[in-house]
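Below: the structure, in structure tokens.
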Amino acid sequence: MPAINGQDFLERIHQLQPEIWLDGKKITDICNHEAFKGILTSKAALFDFQTNKKNLDLMTYVSPVSGERVGTSFMQPKTKEDLEKRRLSTQAWAKLSGGMMGRSPDYMNSCLMALGTAWDHFQDSRLIGKHILQMYERARENDLTLAHTFVNPQVNRSMLYFEDEEHPISAKVVKETSDGIIIKGARLLATQGGITDELLVLPIGGKYIGESFIYAFSIPSTTPNLRFICRESFRYRSSAFDHPLGARFEEMDTIVVFDNVLVPWERVFLYNDYSISMELASETRYFTFLLHQATARQVVKTEFLLGLAQLIVDSIDIGSYTHVQGKVSEIITALETLKALLLSSEMNAKHDKRGRMVPDVNPLSAAITTFPRLYPRFIEILETLGASGLISIPTEKDFESPIRGDLDHYLQGASCDAKDRTQLFRLAWDVCLSAFGGRQKQYERFFFGDPIRLESGLYNSYSKESAVNLAKSLLNSNLKKE
Ligand SMILES: Cc1cc2nc3c(=O)[nH]c(=O)nc-3n(C[C@H](O)[C@H](O)[C@H](O)COP(=O)(O)OP(=O)(O)OC[C@H]3O[C@@H](n4cnc5c(N)ncnc54)[C@H](O)[C@@H]3O)c2cc1C
């Protein structure tokens with residue numbers, strides 16, 4: 001089945017029977033569970049949007065294999081126009097959640113596209129490289145959704161720590177059979193783990209900890225002995241009035257346990273080869289394509305927060321205060337900077353040796369290292385502007401009760417009635433103060449990796465030669481004399 005609609009998506013997810021645990025219980029019907037209903041309905045809306053006739057041109061393209069229309073985020077970009085189309089389709093989806101759905105399917109589709117179109121990089125003596133091409137094509141032709149896990153459990157992060165070989169904590173290969181590899185141990189932190197068709201597992205970066213940790217594969221979420229352990233749900237209420245974001249976009253994060261999981265050979269595309277693993281990012285450019293998708297989404301999220309800030313300002317008429325103007329301008333400046341970085345990455349995109357048009361990674365790295373600082377500041381600005389308004393937020397039921405008269409009178413705004421004002425401030429509360437909002441802050445800090453190490457990576461990879469030459473030229477003695 002090519003590009004799917006919402007109903008196709010929900011029917012497929014309904015048939016999944018993954019092992020998911022939440023609050024001490026095994027979930028049997030994920031589609032009808034309060035913790036997952038919201039996000040699955042919102043994802044279904046994305047698929048309905050993509051198959052809506054008026055969006056087909058932007059959200060899909062013609063598959064080079066089947067000739068059917070498939071999702072744009074699977075498209076291998078060959079021109080700058082292709083990159084632009086990828087950006088616009090990501091942003092069209094991001095607008096449906098204000099950028100709050102970090103793992104809309106285009107995120108992992110972009111990763112799979114980058115890996116699958118660089119399949120030759122994974123060819124070793126076992127010729128397993130073709131497996132990632134097959135996985136990419138299967139996902140593209142069936143519009144599969146994926147979660148991923150790239151991080152080991154946070155037991156001991158010291159450089160000197162090595163795990164006890166006999167009792168693995170970090171997931172590793174414990175046996176190799178004619179059918180495949182057996183994985184035992186855990187991985188962090190799969191957002192939407194268990195509620196997607198498949199789980200993509202890539203090797204962790206950082207220090208070398210042994211050959212048995214070098215593997216990459218994608219397996220169905222329903223694979224036997226694969227277990228997803230959820231944190232508590234941050235979807236407190238199903239009413240979109242009461243919990244405007246959490247009710248719809250709470251994605252859930254899971255710890256993934258591999259309890260002697262058999263990964264069939266046809267699912268493995270990297271095994272036991274350190275040099276292939278080391279060049280994974282530079283050869284496939286999956287980091288760059290993920291960054292392009294992430295920055296496009298963050299632009300939309302920033303625009304949403306700017307709009308929210310301005311609505312708060314108008315609702316209580318504080319726009320004439322200069323410090324208020326300054327705070328809103330901070331968000332404007334950030335928005336324009338992020339937009340410029342994104343466009344610059346496309347303007348300076350270049351073909352790689354595989355004929356793919358790859359965005360310039362430098363502006364995207366600048367965006368991803370800046371956003372973890374910007375986002376908490378946006379939240380601080382909204383909290384400062386909203387003040388007690390973020391706390392005096394009665395529920396939908398209060399507005400249907402005998403105290404409605406009090407609410408209508410005492411909670412009215414300068415430019416709106418009490419119910420509209422409360423709805424607006426509940427939205428701001430859900431961005432800033434709810435558990436959903438707190439998780440968003442942590443997500444934007446860490447979802448792409450540790451910001452500290454991302455900054456080190458930028459320092460180490462950025463060519464500083466022309467800057468150094470410029471500085472040296474100003475040391476030139478002739479110049480000094482002039
Ligand atoms: C909401 C959320 C959703 C996520 N979703 C996913 C997902 O879907 N898939 C996935 O794979 N991952 C996901 N992650 C995990 C994310 O990739 C990690 O949080 C990130 O890579 C950092 O790793 P860590 O959390 O283990 O932090 P740690 O590595 O444990 O870092 C903890 C602290 O120690 C410092 N530190 C540790 N080691 C070093 C070092 N070598 N050098 C310098 N400082 C160091 C860090 O700077 C940090 O301050 C998610 C995270 C969050 C918060």
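The values are calculated or read from the model by the stated rules, or taken from the named source; none is laboratory data. All figures in this text were calculated on a predicted structure; none of them were measured in a lab. So basically every Cβ, Gly included, is an ideal-geometry build from the backbone, and we count neighbours across all protein chains shown.
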ask   = Counting just the residues of region 415-458 that are within 16 Å of the ligand (Cβ to nearest atom) and β-branched (Val, Ile, Thr), which one comes out nearest to Pro376 (Cα to Cα)?
value = Val431
query = Looking only at residues in region 217-234 that are part of a loop (DSSP other than H, G, I, E, B) and touching a helix residue (DSSP H, G or I) at 6+ places or on another chain (Cβ under 6 Å), which one is farthest from Glu166 (Cα to Cα)?
reply = Phe234
query = Among the helices (runs of 4 or more DSSP H) contained in region 382-462, which hold 3 or more residues that are assigned by TED's automatic domain parsing to the domain that holds Ser329 and surrounded by fewer than 15 Cβ atoms within 10 Å (Cβ to Cβ)?
reply = 404-410, 435-446, 451-461
request  = Give me a count of the residues in region 135-170 that are surrounded by fewer than 19 Cβ atoms within 10 Å (Cβ to Cβ) and more than 25 Å from Asn260 (Cβ to Cβ).
outcome  = 7
remark   = Of the residues in region 154-201, those that are farther than 27 Å from Leu16 by Cα, within 12 Å of the ligand (Cβ to nearest atom) and part of a strand (DSSP E or B) number 0
task = Report whether or not Ile204 is within 10 Å of the ligand (Cβ to nearest atom), among the aliphatic types (A, V, I, L, M) and without any contact (Cβ under 8 Å) to a residue 60 or more places away in the chain.
result = yes
query = Out of all the residues in region 99-119, is one or more in a loop (DSSP other than H, G, I, E, B), out of contact with any strand residue (DSSP E or B) (no Cβ under 8 Å at 6 or more places or on another chain) and within 19 Å of Glu266 (Cα to Cα)?
reply = yes
Condition broken by His14, with the remaining ones in (1) more than 21 Å from Tyr107 (Cα to Cα); (2) assigned to a loop (DSSP other than H, G, I, E, B) satisfied = (2)
ask   = Is region 207-216 home to any residue that is in a strand (DSSP E or B), within 15 Å of the ligand (Cβ to nearest atom) and either crowded, with 20+ Cβ neighbours inside 10 Å or hydroxyl-bearing (Ser, Thr, Tyr) (or both)?
value = yes
ask   = If you check Arg227 against the conditions, is it under 30 Å from Arg426 (Cβ atoms), surrounded by fewer than 22 Cβ atoms within 10 Å (Cβ to Cβ), among the charged types (D, E, K, R) and at pLDDT 95 or above?
value = no
ask   = Inside region 318-374, can you point out the residues that are closer than 20 Å to Phe289 by Cα, within 22 Å of the chain's Cα centre (by Cα) and among the basic types (Lys, Arg)?
value = Lys339
